[in-house]
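Q: A single structure is presented below for examination.
The values are calculated or read from the model by the stated rules, or taken from the named source; none is laboratory data. This is a predicted model, so every value here is computed, not measured. Positions of Cβ are generated from backbone atoms using ideal geometry, with glycine treated the same way; all protein chains shown enter the neighbour counts. Surface accessibility is based on the protein's heavy atoms, side chains included, excluding ligands, DNA and RNA. Shrake-Rupley method; radii C 1.70, N 1.55, O 1.52, S 1.80 Å.
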Amino acid sequence: MNPSLREVRAAIVSRPGLVGVQLREELSAAYDAGLQQLFTARDNLALVAVGGLGRREPAPCSDLDLVLLHDGKIDNLTEIAEAIWYPVWDGGLSLDHSVRTPGQAIAVAKDDLKALLGLLDIRHVAGDAGLTGRVRTGVLDVWRATAARRVPELRAISAERWAVAGEGAFLLEPNVKDSRGGLRDGQSLRALAMAQLVDYPARPRAAYPVLLDVRGELHRVTGRADDVLRQQEHDPVAAALGLAVDDRDEPRDVLLRRVNEAARVIAHSLDVAWRRIEASAGSGRTPRRRLFGAARPSLQRIGLARDVVAHEGEVVLARDADPRADPGLVLRVARAAAENDLPIGAFTLDRLASQAAPLPTPWPPEVRDDFLAVLGTGQPAIAVLESLDEAGLLVALIPEWDAVRCRAQHNPVHRFTVDRHLLETAAAAAEDDSGVERRDLLLVGALLHDIGKGYPGDHSIVGAEHARKIAARMGFPEPDVEVITALTRHHLLLPDTATRRDLNDPMTITLVTEAVAGDAEVVGLLHALAIADAAATGPAAWSEWKAGLIAELVARSRAVLGGAELPGPPPLDAERRELAEAGRLAVVVRDREVVVAAPDAVGVLYRTVGVLALHLLDIRQASIRTYCGMAVNSFVIEPRFGRVPDPALLRAELARALAGEVPLAERLREKERAYAERTRNRPPTITWFDEQATDATVLEIRTEDSIGLLTRITAALERAQLDVRTAQLATLGHSVTAAFYLTDRRGARLRPEQRADVELELRRI
C-alpha cells in the first residue's frame, strides 16, 4: 500500500537540514508524484496546480490548489474528480479544488481577479498538456489585455489586506504572506511584470525567497498554516534556518531584520510599480484613464529647486544635473520631494546612489537647512527618507543609521522598528505647537534620540555620544551640539521622573534641573520630545494621567529655574484632615482618585491595595500620609473595565479585609486566573537610590504586571518593617515599574545592610 500524501509530507518535513528551496522542491515533487498516481490518464483530461503549488512554492502546511481540466465531453467526471480529491482529504491535507473546461477557466479569469492571479501560475501535473497550454495562454492573454484597467482593483485588494495584516517592514510579528511587503505583494509585482506593465527588478526577486524560507520553517515549527511570525517562534525559526549571532544581534534579531528588510524592498518596489503604471497611463503609453481615481500626473517638467524638477508625478533630476559635482543635490531632491509631497523617481534614486558626491564635513549650512526642511514637513518626510534609505543614501548621510536600520524592538508597546520609530518621532515633533524656540534642535533630537539602540550599552548614554558626533558632522555650532546631545541623553528624563518619582518631593525637581544643567530651554525641548516619542511609540505609551504628570513636572522645574523656591510637601487639605480627625474608616471616591482614612496600623496599606485590586482598579500613584493617628492614603486609579465601584461597597469590603475576614491572597490568585494573567518567568529587577528623595530611600522594582502585584509588594515591604511614604507606578504593556519612597519605622533612610532582607522578601512575590 502506497503511503498517503500526508505521510510523504511528514517524511520530507522531518528530514534534517532540508530547508528553503530544497524543501519546496521536494514537497512539490512529492505532491506531483502522489497526484499522478491518483489521476486517471485519458485524452482531453488534465490535472493542473495553481497558486503556491503551481509556483512550486508549497510550505509544509499549505493548501493544495488544484484544477481538473476537461473538454466538456467526458462521462463520469464526478467520479474521476472524487478519486483525486478524497484521498487528498483522507490524507489530512487541505485542498482547494475545481473542475473546469479551458473556456470556463478563462471566463472565470475574466470575472474574478483573485482567480486570475492564481491561474497565472498554472503548472501541468498530469494528463493532456494541450489543455493546460490553452488555459495558460488564454489567461495570460486576458491579463495582458485587461491588466491596465484592473490595476485599481488589484491595488484595492492589496490595501484591504494591508489594513488587517499591517506593514511587514516594521512589525514585530509580521504576516510574511499578507502584510504589506509580504509574499502576496511579491506575487502582485510578478503579475504586473507578466502583464508587461513594469519590470520585475532583481532586488524584490531576491527578497521574495527570504520570506518563502521563513514561511516554510514557520509552518514546520508550529505544525499549522499560520503565516504570522510570532515572537515565540522567532528563536526556533532562526535556529531552523541556521542563523547565527552576528556582531550586534541574536539570531532572532537577525531573522526579524531579514524579514523586515525583505518586506521593505518588496513594498517599495510595488509602490514604484504603481507609480510607473499611472505615469504610463498619463503619458499615453497605455489608454489614458484615471487608474487610481486621481487626475493624471502632469507631463511638463516643473522646476522645484536647482537641478531638481517634477515630471510625471515624481521628483527627478534636471537634464543638466551632475550629482558628481554637487554634494548637496541629494538633500535638495529630498527637500523638493517632501515639500511637494511627491515620490523621488526610482531612476533618480539609482543615479544618486551611484554618482552622488560625498558631503564635506561639516555639512555646509545650506545642506543642513535642506535636511531640516525635510524633517520639518512631518509625515511626508517619512516616505522621502525611507526612499533614501532604500537606495543606501540615508546611511551615506548618517553612517550610524545602519545600526538601527530594520532593528526590531522586542516590546509590544512599540509599533515600529527603531529606524521607523525615529522617523515617526521626528514627524510628530514637526507638528509640535508648544512654541519651542529651537524647533530645528527638536527635530534633530527627535530623529536621533534612540540612535543608541543599535549599539551595546545603555542606549541613552551610548546614543548621546553618537548624537554628538552626528550633530557636529551636520555643522551645528558647539552650543547646539550640546543641546542635541542632551536631548538624546535625557529623552526619558521627564516621563521616567514624572511617573516614578514624587513630584511633591523637592529632590525630584532638583534631579531634573541638575540633569539639564539649569537650562530651561532644554526642559521645554525635552517636553516636546517626550510627547512626540510617545506618539510614535503607540497608544499604550501615553495617557492623560501621564501627560498631566509630565506637564506638572515641567511647570515646577521651569518655575525653579526661573528663580522660584523649591516646593515642599503640601499639607493635608481640609477634607483629608476632617477624615483623619473623625477617627474612623472612610472611603471617598472622586473621579480617578480614591482616598482612604483608617486607623494607622501594620497591614493597612497592603489590605487597601488588595481590595482595590479585587475591583480591577490599577493604581498609578499612591500618597501615604499619617495624621492624628490615622493613615490617610490617596490613590490615583485607572479602572481596567467599567467604572469605579460605589464608595460604600469599597468601604464595606475594606472593613472586612482590615478585620482579617477576606482571604486577599487567595482571591487575588483566583482573579488572576480568571483574567489569564501571564505568569512571571523572571525575578523582578530591584534598584536602590539613595540621593533621589528627601529623607527617604527610593526603591524601584521592574517586573511583569499582574492584578495582585502591588498587593504582594506592599505586603512584603510591611513584613520587612518598612514604612511607605509614597509610591509611583508606570505601566508599559505587560511591564510595570514601581517606585517606593521608604523609611524604617523610626522614619530614617534605609541602611545598606537592611536591603538584603528586603530584597529577599521581594523576590518571593
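Q: Rounded to the nearest 20 debye, what is the charge dipole size of the chain about its Cα centre when +1 sits on each Lys and Arg Cβ and -1 on each Asp and Glu Cβ?
A: 1440 debye
Q: Next up: Determine the per residue accessible area of the stretch 593-655 with all protein chains present and a 1.4 angstrom probe, expressed in square angstrom.
A: With all protein chains present, the stretch 593-655 gives 39 Å² per residue.
Q: Let me check the size of the stretch 523-648 from its C-alpha atoms; what are the radius of gyration and Dmax in Å?
A: Computed over the Cα atoms of the stretch 523-648, radius of gyration and Dmax are 17.5, 49 Å.
Q: What value does the stretch 600-703 have for Rg/Rh, both radii from Cα atoms and Rh as Kirkwood defines it?
A: Ratio value, two decimals: 0.99.
Q: Beta carbons within 10 angstrom, averaged per residue: use that to sort the peptides 224-235, 122-133, 13-24, highest first.
A: Order by mean packing, descending: 122-133, 224-235, 13-24.
Q: To continue, here is another question. With 10 Å bins from zero, work out the P(r) of the stretch 315-402 over every alpha carbon pair and list the percent per bin.
A: Distribution as computed: 18, 57, 24, 0 percent.
Q: Can you pull the three principal axis extents for the Cα set of the stretch 12-147, in Å, largest first?
A: On the principal axes, the stretch 12-147 reaches 45, 37, 21 Å in Cα extent.
Q: May I ask for the angle, rounded to the nearest 10°, between helix 544-561 and the longest principal axis of the chain, with both axes built from Cα atoms and the value confined to 0 to 90°?
A: The two axes meet at around 50 degrees.
Q: Hey, can you find the accessible area per residue of the stretch 532-574 for me, probe 1.4 Å, expressed in square angstrom?
A: 50 Å²
Q: Distance from the Cα centre of the stretch 506-525 to that of the stretch 423-444, in angstrom?
A: Value for the Cα centre distance between the two parts: 20 Å.
Q: Moving on to the next point. Based on the mean of other beta carbon atoms within 10 Å per residue, what is the order of 103-115, 250-262, 663-675, 483-495, most packed first?
A: Top to bottom by mean Cβ count within 10 Å: 483-495, 250-262, 103-115, 663-675.
Q: Okay, next question. Below 8 Å, C-alpha to C-alpha, sequence gap of six or more: please give me the relative contact order for the stretch 356-509 in percent.
A: Relative contact order here is 22 percent.
Q: Kirkwood Rh over Cα pairs of the stretch 413-538 into Stokes-Einstein at 25 °C, 0.890 mPa s: D in µm²/s?
A: My calculation gives 169 µm²/s for D.
Q: Tell me the angle of helix 102-111 to the major Cα principal axis of the chain, expressed in degrees between 0 and 90 and rounded to the nearest ten.
A: Computed tilt is about 40 degrees.
Q: Continuing with the same structure: If you roll a 1.4 Å probe over the heavy atoms of the protein chains, what accessible area per residue do you get for the stretch 85-218, in Å²?
A: Heavy-atom SASA per residue in the stretch 85-218 reads 41 Å².
Q: For the stretch 1-65, what Kirkwood radius comes out of the mean inverse Cα-Cα distance, in Å?
A: 12.6 Å
Q: How about LYS453: which lysines have a C-alpha closer than 25 Å to its C-alpha, ignoring those fewer than 8 places off in the same chain?
A: LYS469, LYS546
Q: Now, a different point. Using alpha-carbon pairs under 8 Å, 6+ residues apart, how would you state the relative contact order of the chain in percent?
A: 7 percent
Q: Could you tell me which of rounded, prolate or oblate describes the stretch 452-497, using a ≥ b ≥ c as the square roots of the eigenvalues of the alpha-carbon gyration tensor, with rounded for a/c under 1.5 and, failing that, prolate when a/b is larger than b/c and oblate otherwise?
A: It is oblate, given that a/c is not under 1.5 and a/b is not larger than b/c.
Q: Determine the share of the chain's accessible area contributed by carbon and sulfur atoms, expressed in whole percent, with a 1.4 angstrom probe.
A: Ligands and nucleic acids excluded, carbon and sulfur give 49 percent.
Q: Next question. Could you tell me the relative contact order of the stretch 684-765? Use alpha-carbon pairs under 8 Å, at least six residues apart, and round to a whole percent.
A: The value is 33 percent.
Q: What span do the alpha-carbon atoms of the chain cover on each of the three principal axes, reported in whole Å from largest to smallest?
A: Projected onto its principal axes, the Cα set of the chain covers 101, 72, 44 Å.
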